[in-house]
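Everything on this sheet refers to the single structure shown next.
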Amino acid sequence: VQLQASGGGLVQAGGSLRLFCVASGRTFSRYIMGWFRQAPGKEREFVAAISWSGGSTHYADTVKGRFTISRDNAKNTVYLQMNSLKPDDTSVYYCAASYGSTWPEGDVDNYGYWGQGTQVTVSS
């Protein structure tokens, strides 16, 4: 599966952004989808994941209550709605797909497919 992420940009603290990730192929619903982020000089970290049908979600504690992950399997698209953004949320955001059967899935090493990343910058 190939992934194309978009929707990043510059926003003031307290603002919102919505990220999009479109997947190629006809087996999108067989993948757990996740969002990760990586700031300069830091390791890539888990943000959120959503199960195959979208019925279950999993979040990092740092974004819980502010971010919402969703998916539309008919459109091969996963979304990340980000509200109440903080300067610490500034990172390159990556969408990823996992073909595994473990849920919840927050381990970066278990995601085999990655999009190109989209920059999110939150100004104070």
Worksheet, complete the sentence: Note: Asp88 to Ser124 extended length (0.36 nm per residue) minus current alpha-carbon separation gives 12.0 nm
Worksheet entry | Accessible surface, per residue, of the range 53-124 when the full set of protein chains is kept, probe 1.4 Å, Å² | 50 Å²
Practice prompt. Using Cα pairs closer than 8 Å and at least 6 residues apart in sequence, work out the relative contact order for the chain, in percent.
Written response: 36 percent
Fill in: Label-point separation, Thr68 to Gln4 (7 Å along Cα→Cβ), nm
2.6 nm
Worksheet entry | Largest-first principal axis extents of the Cα set of the chain (Å) | 41, 25, 25
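The values are calculated or read from the model by the stated rules, or taken from the named source; none is laboratory data. If you're wondering where the values come from, they're calculated on a predicted model, not measured in any experiment. Virtual Cβ from ideal backbone geometry, glycine too; neighbours counted across all protein chains shown. Accessible surface is based on the protein model in full, side chains and every heavy atom, while ligands, DNA and RNA are left aside. Shrake-Rupley method; radii C 1.70, N 1.55, O 1.52, S 1.80 Å.
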